[in-house]
Amino acid sequence: MTAHDKILIVDFGSQVTQLIARRVREEGVYSEIVPFQKAEAAFAEMKPKGVILSGGPASVHEAGAPLAPPAIYQAGVPVLGICYGEQAMAHQLGGRVEGGHHREFGRAEVTVTEDSALFAGVWRVGEKYPVWMSHGDRVTELPAGFRAVATSRNAPIAAIADEARRFYATQFHLEVVHTPHGAALLRNFVRDIAGCTGDWTMRAFKDEAIARIRAQVGKGRVVCGLSGGVDSAVAAALIHEAVGEQLTCVLVDHGLMRAGEAKKVVALFRDSYNIPLVLVDAAETFLGALEGVDDPEIKRKTIGKLFIDVFEAEAKKLGGAEFLAQGTLYPDVIESVSFTGGPSVTIKSHHNVGGLPERMNMKLVEPLRELFKDEVRALGRELGLPEVFVGRHPFPGPGLAIRCPGPIARDKLEILRLADEIFIEEIRRAGLYDEIWQAFAVILPVKTVGVMGDFRTYDYVVGLRAVTSTDGMTADFYPFDMRFIGHVATRIINEVKGVNRVVYDVTSKPPGTIEWE
């Protein structure tokens, strides 16, 4: 990467660490998340202008508790601790952290007691502000050189500052939307305290990525697996801009796609962009392998293995492509190396972050592995992809398989495909698509007795899900007018044979528990 200003984020295991990186990048500053075990080497290599210590589930009193490398505190760069990061900082620099006090989980209120560069222009002394807390332990004695600058009911030392060394910490989470001024406080740290210029833009990323792809690929052939989603579409467009006809895309129709999906993808890439594209009809292979399988993880692994097999076969037909391109994103990379150092438990059907089978003898091209989903959308717009693709709701790699709990059956897939199409069609017709982060239908693994006209029926139940989100880490159900849900339900029951009941999911997801599938 070109020499942009950088912020290093040391991950202590918080479920919302990714949000810190997103908030930093929103300021035009490049950031990377590194597990605490690898932080010292990353710090030396990256040479960041500042360091942020994340939250985490541990206690500093536990044997082997995660801590920041001493080199970070000794380097003279600004350091910001968040939640567990505050406790780690206080503990390592000579303060005291105690457990057994009143815990704080969820919404809380802090009072600013002293001025601080972290609060400049955002918070004022004597004022109260809403924040999001998630802690059991708390700091009870300050390290030398620090001042307490904010307090809460259950955390008397809710924020600390050592202005001379430019060390700051908060017991509350700055990165979540539930702390309304959190992004502004992070901006103070990144732009004013650490002095980052904010020179990391999508245009700069695009130009640098194209140069990297050309350097890596040379005159080699590249095969790219398209899924129909945003990630692989943007990756393909970027690679094609870099190496042109050296790229061939492979779209696998595995029988688990949405209605008309294959035709839409082919029309965009083959007809509109003139990108070489091979459409592989592998529905019989995939559906045959999934017959009778009801465990969702086995479904994922089965689909992932078959994807690799198809790519391998297509690469051989192309005369031996040397590179396999994938739409791997930064969250996939983070998941594949958890803060405990183990492999991710998340199976990516069209991502293989951990590498490829040795027999394939291909090198990976992953031009998006530094980006989050919203950044990929911005890059897609920079590349000129149409909004119909760039603005698409997230869709799981395993396709409809993951939205069909229980054994896969062709009739259930067709019911799900038609119900989903009606739901999305009505959302678009109502002008609500762009207000919603994700919407989809699920066919539940139950049947219910119902009455339709003069007949008793015993048919499936379809669930509808639509959520709003600002960051992809927390979500709330979309508050449709019930007349809208009633209209959609009526259409599904009337038009989709095999359904006699429709339900709407109004579950919300607090920080760290977001689920899309």
Would you be able to tell me the number of residues in the range 423-458 that are part of a strand (DSSP E or B) and within 30 Å of V388 (Cβ to Cβ)? 7
Reported set for the range 178-193 where residues are in contact with an Asp or Glu (Cβ under 8 Å, 6 or more places away or on another chain) and open to solvent by less than 60 Å² (accessible area, probe 1.4 Å) is G182, A183, L186, V190
What are the pairs, 6+ residues apart or on separate chains, where a residue within the range 396-421 that is among the acidic types (D, E) has its Cβ under 9 Å from a residue that is in a helix (DSSP H, G or I)? D420/L400; D420/R403
The listed residue being at pLDDT below 95 and aromatic (F, W, Y), out of F205, F146: F205
Report, by residue number, each residue of the range 22-51 that is under 23 Å from A65 (Cα atoms) and touching a Ser or Thr at 6+ places or on another chain (Cβ under 8 Å). I33, P35
Within the range 408-422, is there a residue that is more than 23 Å from A259 (Cβ to Cβ), part of a loop (DSSP other than H, G, I, E, B) and not aromatic (F, W, Y)? no
One residue is enough: does the range 359-382 have a residue meeting the conditions part of a strand (DSSP E or B), surrounded by 21 or more Cβ atoms within 10 Å (Cβ to Cβ), in contact with a strand residue (DSSP E or B) (Cβ under 7 Å, 6 or more places away or on another chain) and not charged (D, E, K, R)? yes
Count - residues of the range 1-35 that are in contact with a Leu (Cβ under 7 Å, 6 or more places away or on another chain), of a type in the set (A, V, I, L, M, F, W, C) and under 19 Å from A378 (Cα atoms): 1
Please report, ordered by residue number, the helices (runs of 4 or more DSSP H) entirely within the range 1-98 with at least 1 residues that are modelled with pLDDT under 95 and under 20 Å from the mean Cα position of the chain (by Cα). 17-26
Give me the strands (runs of 3 or more DSSP E) completely within the range 198-295, filtered to those with at least 1 residues that are touching a residue at least 12 places away in the same chain (Cβ under 8 Å) and either open to solvent by 20 Å² or more (accessible area, probe 1.4 Å) or out of contact with any strand residue (DSSP E or B) (no Cβ under 7 Å at 6 or more places or on another chain) (or both), ordered by residue number. 247-253, 277-281
Take the range 301-330 and flag every residue that is within 13 Å of E366 (Cβ to Cβ) and part of a helix (DSSP H, G or I). Y330
How many residues does the range 356-374 contain that are of a type outside the set (A, V, I, L, M), within 21 Å of the chain's Cα centre (by Cα), under 22 Å from L324 (Cα atoms) and modelled with pLDDT under 90? 4
Return yes when L444 is open to solvent by 30 Å² or more (accessible area, probe 1.4 Å) and closer than 23 Å to P394 by Cα and no when it is not. yes
Selection from the range 40-81 of residues that are of a type in the set (A, V, I, L, M), crowded, with 16+ Cβ neighbours inside 10 Å and within 19 Å of D5 (Cα to Cα): A42, M46, V51, I52, L53, I72, V77, V79, L80
Among Q92, Q37, Q87, which is surrounded by fewer than 21 Cβ atoms within 10 Å (Cβ to Cβ) and farther than 26 Å from D332 by Cβ? Q92
Name the single residue that is nearest to the chain's Cα centre (by Cα) among those in the range 105-156 being β-branched (V, I, T) and open to solvent by less than 20 Å² (accessible area, probe 1.4 Å). V131
Unique residue being open to solvent by 70 Å² or more (accessible area, probe 1.4 Å) and of a type in the set (V, I, T) when the list is V467, V388: V388
When you go through I275, I298, I334 one by one, which is the residue that is farther than 30 Å from P445 by Cβ, modelled with pLDDT of 85 or more and among the β-branched types (V, I, T)? I275
Scanning the range 149-169 residue by residue, those closer than 15 Å to G94 by Cα and small (G, A, S) turn out to be A161, A169
Just to be sure before I move on: is V353 modelled with pLDDT of 90 or more, surrounded by 14 or more Cβ atoms within 10 Å (Cβ to Cβ) and aliphatic (A, V, I, L, M) in the structure I sent? no
Quick check: is even one residue across the range 127-138 under 25 Å from V176 (Cβ atoms), without any contact (Cβ under 8 Å) to a residue 40 or more places away in the chain and outside any loop (DSSP other than H, G, I, E, B)? yes
Take R187 and tell me if it is more than 18 Å from T111 (Cα to Cα) and assigned to a helix (DSSP H, G or I). yes
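The values are calculated or read from the model by the stated rules, or taken from the named source; none is laboratory data. Because the structure is a prediction, the values reported are computed rather than measured. Using ideal geometry, Cβ is built from the backbone for each residue, glycine included, and neighbour counts are taken over all protein chains shown. We work out accessible area using only protein heavy atoms, side chains counted, and drop any ligands, DNA or RNA first. Shrake-Rupley method; radii C 1.70, N 1.55, O 1.52, S 1.80 Å.
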